[in-house]
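Only one structure is covered here, and it is reproduced in the block below.
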Amino acid sequence: MADKRTAIATSVQRKANRHQVAVPGRLTWKDSSGAVRFVSVMTRDVSDLGVYVECEGGAAIPLHRLVHLQIERTIRGADPHLPSNLREGRVLSAVWRVAPCRKATGTPSGYALRFLVDPESMAQAPIVRTAHLRPIAVAS
C-alpha cells in the first residue's frame, strides 16, 4: 500500500492576525556564559503577539531563550502592519520555535519569537479564527 498525501483544512484559533512584513532588525541576548550576543535579522511573519525572523548567520539561539528584538529605527513607522510594541523600540521575547539548520552554516535559518506581553491586555483581545491547510499522510 502506497501513502497518498492530501490536505485538510483545519480551523486554528489565533488571538491576533498575521501579516507578511519584511523589515530589518536586530536580536540581542545573553549566551550561557553571560556574554551579550547579537545578530541581524529580517522579519517575515508579524502579529501583535509574535514574529518570525530569518537570520543569515551568527550563533544559534537555544529554544526558550529570552531575546530583545529591535526594528531598525528608520523603518519603524514605515509599515502600517508593524505592531505598536515594535515601533516603540526593543521588545522582550522568547524563542518559541527554531527553524531547521542550514547545511552551509550549521545554524538555524530563522526563529519564531513570542512577545512577552501583559496578560491583562491580551485577555480583552478577541480570538480570530483562520483556516489553514495542513498536509497529512493517508494510507490507502
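Points to keep in mind about this one:
- Gly77 modelled with pLDDT of 85 or more, more than 16 Å from Pro100 (Cα to Cα) and among the small types (Gly, Ala, Ser): no
- Considering the stretch 34-81, the residues that are among the small types (Gly, Ala, Ser) and part of a strand (DSSP E or B) include one that is surrounded by the most Cβ atoms within 10 Å (Cβ to Cβ), namely Gly50.
- Figure legend. Inter-residue proximity from the stretch 71-96: first residues under 19 Å from Cys55 (Cα atoms), second residues aromatic (Phe, Trp, Tyr), beta-carbon distance below 8 Å, spacing 6+ or different chains. Indicated pairs: Val91/Phe115; Leu92/Phe115; Ser93/Phe115; Val95/Tyr111; Trp96/Tyr111.
The values are calculated or read from the model by the stated rules, or taken from the named source; none is laboratory data. On a predicted model such as this, the values are computed, not experimentally measured, just so you know. No Cβ is skipped: glycine too gets one built from the backbone with ideal geometry, and neighbour counts run over all protein chains shown.
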